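One structure is given here, and the rest of the page talks about it.
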Amino acid sequence: MRSMTALFAHLRRRIERGGPLSVAQFMEEALGHPEFGYYTTRDPLGARGDFITAPEISQIFGELIGAWCAGVWRTMGEPAAFHLVELGPGRGTLMADALHATKSVNGFHAAANIHLIEMSTALSEKQRMALSAYDAEPQWHRDMSQVPEGPAIIVANEFFDALPVRQFQRVLASWRERMVGLNEAKDALVFQLSGQSVKQHFVPEFLRDAADGTWAETSPAGLRIMHTLADRLAGQGGAALIIDYGHMETMPGETLQAVQDHRFADVLEAPGEQDVTAHVDFAALGRTAVNARARVHGPVTQSAFLNALGLPMRADRLAAGATNDTQAAAVISGAGRLVDSTQMGMLFKVLGVSAPDIDALPGLS
Ligand SMILES: C[S@@+](CC[C@H](N)C(=O)[O-])C[C@H]1O[C@@H](n2cnc3c(N)ncnc32)[C@H](O)[C@@H]1O
């Protein structure tokens, strides 16, 4: 049974006026519509929300990323001022744990100007609360272009998967775009293919002559953000850490998915009420960074990355300091979820991007 969400009513009007939307336009509306978008109207994270992310599973995640940032800062020659930027900070848990873990790194907090790139006012408020215990005085921005010039260390966990994708299907030796339109009764959204074929250059080169039925997917918004970020790092110094679920190589196929209440759902079922994401193409992000003259490190699996940064030792130490056996078991099981190959360990990948003069980044060799 499809639900008539407030966003559905808006989308129906928009489609009636201007015709079907691309999948990217649909995602933009579903997640970011200023009044009815999924992220605009709620905090979706945590056990009582729709999904859970690594920093919400275990404090070790943010702590190790804090240590990673401090390591990169040292490699950069410990600049007296730099921008510590997080894209899509959720509840602010990762940044809070990172700041907690780096309290004793001499000069690091004093040098860090914190910038949070967030589109949700509901989540910005959570971030403000999470960081209130630190002298951090973060600044909030809508996008990277508002972060002042200067060297930067940038972190993005489960941010790129929320950026809109366009999808194409090979039909009768031409490429059609997947669109979102209305059914005949105009009471539900349906997928359809564009009547006209699209220009080949949207489709990865190696797929252009693929067999009929093949899907191709690309995130122009994700590639644009990566280009901005890599160009900035190449010119002004620093490094970025991108963590997300996705694939190391560009592949055929479509990966659009919706999640509600910790379960997969029909993508068009309840727009604005469920999270809509797509897997991240790490190879495409890497190519974009190289084109912008930055250096690429990895990608590696989340499991390899966190283990290289010392997750098992940190988990053992935390468990040893736990107040009781139940708490100790929770520490070990949370850490396990991050690296277990049947959970987040293999599906999630980690990509580093840096200024060309940084030849190695912690955990990414
Ligand atoms: C899946 S949550 C991840 C949150 C956090 N990084 C974590 O690991 O818990 C996605 C985050 O990105 C933000 N976001 C999504 N699309 C965005 C966009 N286009 N611009 C800015 N923030 C965005 C969301 O509001 C949210 O904070």
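Things to note:
- Test: residue in the range 19-26 that is within 12 Å of the ligand (Cβ to nearest atom), surrounded by fewer than 22 Cβ atoms within 10 Å (Cβ to Cβ), within 16 Å of M119 (Cβ to Cβ) and not acidic (D, E): yes
- The selection criterion, being modelled with pLDDT of 95 or more and either within 14 Å of the ligand (Cβ to nearest atom) or not aromatic (F, W, Y) (or both), holds for A130.
- Among the residues here, G272 qualifies as touching a Ser or Thr at 6+ places or on another chain (Cβ under 9 Å), within 16 Å of the ligand (Cβ to nearest atom) and of a type outside the set (V, I, T).
- Selection count where residues are assigned to a loop (DSSP other than H, G, I, E, B) and either within 7 Å of the ligand (Cβ to nearest atom) or surrounded by 18 or more Cβ atoms within 10 Å (Cβ to Cβ) (or both), scope the range 38-48: 1
- Residues that are within 16 Å of the ligand (Cβ to nearest atom), in a loop (DSSP other than H, G, I, E, B) and surrounded by fewer than 16 Cβ atoms within 10 Å (Cβ to Cβ) do occur in the range 340-361, at least one of them.
- From A283, A265, A278, residue being on the phi < 0 side of the Ramachandran plot, touching a residue at least 12 places away in the same chain (Cβ under 8 Å), within 16 Å of the ligand (Cβ to nearest atom) and out of contact with any Phe, Trp or Tyr (no Cβ under 7 Å at 6 or more places or on another chain): A278
- In the range 135-160, the qualifying residues are those that are surrounded by 20 or more Cβ atoms within 10 Å (Cβ to Cβ) and not in a loop (DSSP other than H, G, I, E, B), and the one that is nearest to the ligand (Cβ to nearest atom) is N157.
- Within the range 49-85, the set of residues being part of a loop (DSSP other than H, G, I, E, B) and touching a strand residue (DSSP E or B) at 6+ places or on another chain (Cβ under 8 Å) comprises D50, I52, T53, M76, A81.
- From E254, E269, E249, residue being within 25 Å of V339 (Cβ to Cβ) and of a type in the set (D, E): E249
- Among the candidates E78, E56, E86, E29, the residue that is away from the ligand (no atom under 13 Å from the Cβ) and either acidic (D, E) or within 20 Å of the chain's Cα centre (by Cα) (or both) is uniquely E78.
- Selection of the range 199-225 for residues being in a loop (DSSP other than H, G, I, E, B), buried (at least 17 other Cβ atoms within 10 Å of the Cβ) and among the aliphatic types (A, V, I, L, M) yields V203, A210.
- The range 89-107 - residue that is under 18 Å from the mean Cα position of the chain (by Cα) and outside any helix (DSSP H, G or I) and, of those, nearest to the ligand (Cβ to nearest atom): G90
- Condition met for S120 (hydroxyl-bearing (S, T, Y), within 10 Å of the ligand (Cβ to nearest atom) and modelled with pLDDT of 95 or more): no
The values are calculated or read from the model by the stated rules, or taken from the named source; none is laboratory data. A quick note: this is a predicted structure, and the numbers were derived from the prediction, not measured. Cβ: placed from backbone, ideal geometry, glycine included. Neighbour counts: every protein chain shown.
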